[in-house]
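Everything below concerns the one structure shown next.
The values are calculated or read from the model by the stated rules, or taken from the named source; none is laboratory data. As the structure is a prediction and not an experimental result, all values here were calculated from the model. When we count neighbours, we look across all protein chains shown, and the Cβ atoms used for this are built from the backbone with ideal geometry, even at glycine. Accessible surface areas use protein heavy atoms only, side chains included; no ligands, DNA or RNA. Shrake-Rupley method; radii C 1.70, N 1.55, O 1.52, S 1.80 Å.
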Amino acid sequence: MLNPEKFVLTTEAGFDALAASWRQLETQVAHLLPFQTFDWNRVWWTVFSDSSWFHKDELAICTLYQDQQLVAVMPLTNTHVGFHNLFIYRYVRPFGADPNLTEIRIPLTLPAYTEIILQQWEDLSKQETFGLTEFQVIHTREHAAHFLATNTAVHPLETRDIPNFILHLDTDWPSFKTSLKRNIKESLRHCYNSLARDNLQARLQVWRGNAEVRQNVDAFYALHNARATATGTVEHPDYFADDKHRSFIMALLDSPFASRIMLFGLELGGKTVAMRMAFAMGDELYLYYSGYDLHYAKYSIMTTLQAEIIQWAFTQGLKRINLSVGDDVSKTRWGPAVIHYVEYQCVKNNPWRRNLGKNILKMRKLRKSWSVGKQE
């Protein structure tokens, strides 16, 4: 019978003391995400946590122990707006409240303890005595729905689906390529034929770890920025225009996580024209953000880079490529499997908090639409 001990850590000393057991748990979890690692979360807290007179982020790291072994950890920020104990508003959410740098924010847990760690949301809701607390619950659609169905003290106000696309590398590159749909096969032929007509040979460059990534990361930022300026295609913001976001990557490179960080570059005629950042997660490769030189767009170089990375993954014996989140054709055209995550914005389940929460969400949407309209 599962009867784990529950602890909520609220100090940085307690956070740091988790390092060894958290990293040990990482080795026991299949398909580990970069955002679940101790190093990602510790760096995130250092760079993004905020503390001021009227706004304060506090730690609330939920942990489960079975027979003195860490079996689940869910890092949360407990954000107060107001005078702390007399706050007007509180937001309890997973680490990663950033402009999409942390793409999937789910607990790290052994499978048998998933439902139990999610129940910590209900425990936290019972601590609310004054003001409004908004809870952000994120997990797979199945687990999140089960939690809300069995924990009625928390009421969902809004839902956001987060599809995550996975390529399974069960065969080899020729077999994989044969299994692709006609449109992507035609696209690949166009990519390589158009390069051949102009006497250009595609060459894949692979950089990994602190020293190699640092030498090439400025080129990656420049290409990512170039992609953000592209028109007539899917809009891609420049996620690294903010100095704090670059500082986050630099801090990751100064941590043990650096051994996981990779940059892939597509070289044409001795020039790197497209790049993608990725994270090595055991037998899985997680593909992160990318960028390309717009002058070479006619060659569909991002498709070529993706194909080169997949071929490289086969040579390395990798089992999966995580194409990251977002339902767009650059992912779906490869015929991936999909994991459906969901994010619920919740409040404590009583009438005045439900009504106030709904009104706050309406005001946010109005402010967002007004801001977008002003920019246009």
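Placing unit charges on the Cβ atoms only, positive for Lys and Arg and negative for Asp and Glu, gives region 310-354 a dipole magnitude near 220 debye about its Cα centre. Computed from point charges on the beta carbon alone (+1 for Lys and Arg, -1 for Asp and Glu), the dipole magnitude for region 139-282 about its Cα centre is near 480 Debye. Remark on Val347: its backbone amide H falls under 5 Å from those of Phe135, His155, Leu157, a criterion applied only to residues 5 or more positions apart or on other chains, H modelled at 1.01 Å from N. Solvent exposure of Val325, expressed as accessible area, is near 20 Å², computed with a probe of 1.4 Å over the protein chains only.
Estimated translational diffusion coefficient (Stokes-Einstein, Kirkwood radius over Cα pairs, 37 °C, 0.692 mPa s) of the chain: 146 µm² per second. Can you say what percent of the DSSP beta bridges in region 234-376, counting only those with both residues inside, are antiparallel? Round to 5. Beta bridges within region 234-376, antiparallel portion: roughly 85 percent. Applied to region 161-169, the Karplus parametrisation 6.51 cos²θ - 1.76 cosθ + 1.60 on θ = phi - 60° returns per-residue 3J(HN,Hα) values of 7, 10, x, 10, 9, 10, 9, 9, 9 Hz, with x for Gly and Pro. Size estimate for region 1-114 follows the Kirkwood approach: the inverse of mean 1/r over distinct Cα pairs works out to 14.8 Å. Just want the answer: with Cβ charges of +1 for Lys and Arg and -1 for Asp and Glu, which residue in Ala307, Gly317, Phe54 is farthest toward the dipole's positive end in the chain? Projecting each Cα onto the dipole axis, the largest value belongs to Ala307. Rolling a 1.4 Å probe over the protein chains gives Leu305 an accessible area of about 0 Å². Calculated mean residue ellipticity at 222 nm for the chain: -11500 deg cm²/dmol, from DSSP H runs with n ≥ 4 weighted as -39500 (n - 2.57), summed, divided by the residue count and rounded to 500. Share of pairwise Cα-Cα distances greater than 20 Å in region 186-267 is 50 percent (whole percent). Rounded to a whole number, what % of the accessible area of region 61-197 do carbon and sulfur atoms account for, probe 1.4 Å? Ligands and nucleic acids excluded, carbon and sulfur give 52 percent.
Size descriptors for region 57-173: radius of gyration and Dmax over Cα atoms are 16.2, 60 Å. Solvent-accessible surface of the chain, averaged per residue with a 1.4 angstrom probe and all protein chains in place: 48 square angstrom. When +1 charges are put on Lys and Arg Cβ atoms and -1 charges on Asp and Glu Cβ atoms, the dipole computed for region 14-120 relative to its Cα centre reaches about 160 debye.
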